[in-house]
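A short write-up of the structure that comes next.
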Amino acid sequence: MNNLPKTIADLSNEQLDKLADLLVEQSTDKADRLATVIGWNLQDKQRREQTMLKITLETNGTHLQSTFLMPYGALLTAIGQPHYKFSDFDDIENKVDVEWAFELPSGDVATIYNWKDGPAYLGHQGKPVENITKWHIGGHKLDVVHELLDIINLKLEEEGYNLNEDA
């Protein structure tokens with residue numbers, strides 16, 4: 001075994017098999033522990049891949065699919081800063097103050113945005129973005145709603161965020 005490559009990734013399947021046989025032969029307890037940890041890590045990796053959101057600009061044709069209630073702070077925790085923020089210097093009438101746009105693990109596109117309740121549309125009478133709780137989900141089909149909300153809830157759970165504290 002002195003001729004092992006420098007990293008595990010460089011091992012051939014035959015070398016991995018020999019290493020596993022050696023581990024089982026010398027210490028069943030350690031082999032069991034390694035198998036358990038590998039199982040956990042594979043599950044974690046799969047979960048990360050299933051909750052991966054890619055920023056996209058390809059939002060043409062998306063439209064309202066649903067709405068949901070969630071504090072702005074929870075969204076920041078789950079999905080980060082908005083990809084678009086309204087500016088007082090924008091020359092257009094705008095109905096949206098903030099927006100996120102993602103390609104979901106399924107390949108579908110989903111957007112989250114507020115609609116006509118903030119300063120972009122209502123001026124000084126609009127809610128500050130930090131106080132907005134009603135959000136719109138846009139997409140090409142309804143499936144994006146469940147996929148996106150599942151990802152947001154998983155990310156909040158991973159961060160230990162308690163929505164009830166904001167209620």
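Things worth noting here:
- Near GLU58, once Lys and Arg are set to +1 and Asp and Glu to -1 for all other residues with Cβ below 15 Å from its Cβ, the sum equals -1.
- Considering only ASP150, ASP21, ASP32, the mean-square fluctuation computed in a Gaussian network model of the chain, springs between alpha carbons under 10 angstrom, is largest for ASP21.
- Inter-site label distance for ASN13 and TYR161 at 7 Å from Cα along Cβ, in nm: 4.3
- Dipole moment magnitude, nearest 20 debye, the chain about Cα centre, only Lys, Arg, Asp, Glu C-beta charged: 40
- Theoretical ellipticity at 222 nm over the chain - DSSP helices of four or more residues, -39500 (n - 2.57) apiece, nearest 500: -12500 deg cm²/dmol
- Within a Gaussian network of the chain (alpha carbon springs, distance under 10 Å), most fluctuating of VAL96, VAL24, VAL37: VAL24
FYI, it's all coordinate maths here, none of it is from the lab. Worth saying up front: this structure is predicted, and the values here are computed from it rather than measured. Note that we place each Cβ from the backbone using ideal geometry, even for glycine, and neighbour counts take in every protein chain shown.
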